[in-house]
Number of protein chains: 2
Amino acid sequence: MSPRRRSPLPGTRSRILAAAAGEFAAHGFAATTVDRIARRARVNKAMIYYHFPNKRALYTAIVRDHFSPIVEKLTAIRAEPAPAAQQLDRFVETFVASIDASRTFLPLFLREIAEGGVHLGGEELALVAEVFGAVRAVIASGTEQRTFQPVHPSLAHFTLIAPVIMFRATASIRRRLKTARNVDIPDADSGTLVRHMQMVARRMLAPPHNEGRIL
Amino acid sequence: MSPRRRSPLPGTRSRILAAAAGEFAAHGFAATTVDRIARRARVNKAMIYYHFPNKRALYTAIVRDHFSPIVEKLTAIRAEPAPAAQQLDRFVETFVASIDASRTFLPLFLREIAEGGVHLGGEELALVAEVFGAVRAVIASGTEQRTFQPVHPSLAHFTLIAPVIMFRATASIRRRLKTARNVDIPDADSGTLVRHMQMVARRMLAPPHNEGRIL
DNA sequence: GTCTATACTTCGATAGAC
DNA sequence: GTCTATCGAAGTATAGAC
């Protein structure tokens, strides 16, 4: 059995996915063109339509690939045998690490929020919901044990994740501000960011008689 | 002097601006079409190019109109004769009120961040910088007087504003989550949101020996 | 699986009458 | 200031050879 001539190039499909993720992250769904994706992947445009039915399907495939593994890591923390406060520390740490591990996750995530999640189907929405549910459960258990004060569950959740998202998302703007207007909004490395958010979480949730003194 | 026939329709230009703001907020710069703006403003497409040189210029005009008044309100707080802690309370209150007062400001703001500020010129960048500078100064003065603990200035800043932005920006996603997946991520009214963020600010900045006990 | 060529559509922008 | 008509570029998607 001789190998077929014109055998598939190694990883054509994955090269398309990688190139498309880069383009969608950089320009958003509407402003990204299939031509640019093809050029960046060094693939013929028709190949993209061979592997994916259309631009939208390619996009949602990328969103799913980006969200699933991170949601899995995040929800797994709930099962760890640790007190609520430590689980939140781990949550913050994992969230920051996930964002910093990928150049495309955060832009895709943020754009999807800006779009009101219009490109998210039922499955993707469920992923988001899982994370919220897990964090909410951790906080609720801490509150029951009186190691946390009662807080608005949604507001507590966004207080934990939003600063990380916005801080990392504005990195390029801050850089332009520094070079173009000589305004310094200092950056922070992962460790500093994680410790800051853990401090905020601890203080936000400390019971009134013992604020910030949680372990 | 008889009035000219074919006198200008009242507020053609402002109707264009309003319609364009709605379209840009809802769809982003790239996905917004001039045809749709014209239809929404009940104006002929050519009129848009009579009043504005091109789509981009129309967009930046809207961004400036949206950002300037809010930046002004925010930076004015610094001049009020109140201790740092109260100035931050006012800052939070004003920021939430500004977001809730306009249906278009937040989407425009968030999209601009997602885009890395590519549509922002020197002037607009300077506006953003002013707000950061004002908040940073308030925090620094509180730290000098030992009513605040030392914190990373950028991280403190984003801890104050990011949760508000993300919480309000995700309202539509949360609504879809509720109806489509029956997952309840409860909303919060302005008062609750303001009080939560003021609480977070107070606790984040309280000195170690007196956490959260600041006035 | 891969490529060329192209059909079909939409969009930004302008010319020119009124 | 307002409208009709249209140009030219760019974009999604497909047909069909190999």
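The values are calculated or read from the model by the stated rules, or taken from the named source; none is laboratory data. Everything numeric here is computed off the predicted structure, so don't read it as measured data. Cβ atoms come from the backbone with ideal geometry, glycine included; neighbour counts cover every protein chain shown.
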task: Quick one: count up the residues across the stretch B:135-170 that are buried (at least 20 other Cβ atoms within 10 Å of the Cβ), in contact with a Lys or Arg (Cβ under 9 Å, 6 or more places away or on another chain) and of a type in the set (Gly, Ala, Ser).
output: 2
- prompt: Can you name every residue in the stretch B:100-117 that is more than 12 Å from chain A (Cβ to nearest Cβ), in a helix (DSSP H, G or I) and either buried (at least 21 other Cβ atoms within 10 Å of the Cβ) or in contact (Cβ under 8 Å) with a residue 12 or more places away in the chain (or both)?
  reply: B:Asp100, B:Phe105
- prompt: Within the stretch B:45-73, how many residues turn out to be within 14 Å of chain A (Cβ to nearest Cβ) and either away from DNA strand D (no atom under 16 Å from the Cβ) or in contact with a strand residue (DSSP E or B) (Cβ under 7 Å, 6 or more places away or on another chain) (or both)?
  reply: 4
query: Of (1) at pLDDT 95 or above; (2) within 16 Å of DNA strand D (Cβ to nearest atom); (3) surrounded by fewer than 15 Cβ atoms within 10 Å (Cβ to Cβ); (4) on the phi > 0 side of the Ramachandran plot, A:Arg42 satisfies all except one. Which?
result: (2)
Residue check, B:Leu120 under 30 Å from A:Arg103 (Cβ atoms), out of contact with any Pro (no Cβ under 6 Å at 6 or more places or on another chain) and buried (at least 18 other Cβ atoms within 10 Å of the Cβ): yes
task: Could you tell me which numbered condition A:Ala97 fails, if it satisfies all but one of (1) of a type in the set (Gly, Ala, Ser); (2) without any contact (Cβ under 8 Å) to a residue 12 or more places away in the chain; (3) out of contact with any helix residue (DSSP H, G or I) (no Cβ under 6 Å at 6 or more places or on another chain)?
output: (2)
message: Every residue in the stretch A:21-37 that is in a helix (DSSP H, G or I) and either surrounded by 19 or more Cβ atoms within 10 Å (Cβ to Cβ) or away from DNA strand D (no atom under 13 Å from the Cβ) (or both), please.
response: A:Ala21, A:Gly22, A:Glu23, A:Phe24, A:Ala25, A:Ala26, A:Gly28, A:Phe29, A:Ile37
message: Cβ contacts < 8 Å: first residue within 8 Å of chain A (Cβ to nearest Cβ) and without any contact (Cβ under 8 Å) to a residue 40 or more places away in the chain, restricted to the stretch B:142-168; second residue assigned to a loop (DSSP other than H, G, I, E, B) and hydrophobic (A, V, I, L, M, F, W, C), any location; separation 6+ or different chain. Result?
response: B:His152/A:Ala188; B:Pro153/A:Ile185; B:Ser154/A:Ile185; B:Ser154/A:Ala188; B:Leu155/A:Ala188; B:His157/A:Ile185; B:Phe167/B:Ala188
- prompt: Out of (1) within 16 Å of DNA strand C (Cβ to nearest atom); (2) under 18 Å from A:Arg168 (Cβ atoms), what's the single condition that is false for A:Arg103?
  reply: (1)
Evaluation of B:Arg176 against (1) touching a residue at least 12 places away in the same chain (Cβ under 8 Å); (2) facing another protein chain (nearest Cβ under 7 Å) (one fails), failing number: (1)
- request: Would you point out the residue of the stretch A:194-207, among those that are in contact with a helix residue (DSSP H, G or I) (Cβ under 6 Å, 6 or more places away or on another chain) and more than 7 Å from chain B (Cβ to nearest Cβ), that is nearest to A:Phe148 (Cα to Cα)?
  value: A:Ala201
- prompt: Right, A:Ala18: under 23 Å from B:Gly116 (Cα atoms) and more than 15 Å from DNA strand D (Cβ to nearest atom) or not?
  reply: yes
query: With respect to the numbered conditions (1) within 30 Å of A:Thr170 (Cα to Cα); (2) outside the structural domain of A:Arg146 (by TED's automatic domain parsing); (3) of a type outside the set (S, T, N, Q), which one is the sole condition not fulfilled by A:Lys45?
result: (1)
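The rows are residues; the columns are (1) of a type in the set (Val, Ile, Thr); (2) within 13 Å of DNA strand C (Cβ to nearest atom); (3) in a helix (DSSP H, G or I).
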residue: B:Arg39; (1), (2), (3): no, yes, yes
residue: B:Val43; (1), (2), (3): yes, yes, no
residue: B:Ile48; (1), (2), (3): yes, yes, yes
residue: B:Ala57; (1), (2), (3): no, yes, yes
residue: B:Val63; (1), (2), (3): yes, no, yes
residue: B:Ser68; (1), (2), (3): no, no, yes
residue: B:Lys73; (1), (2), (3): no, no, yes
residue: B:Ala76; (1), (2), (3): no, no, yes
residue: B:Pro81; (1), (2), (3): no, no, no
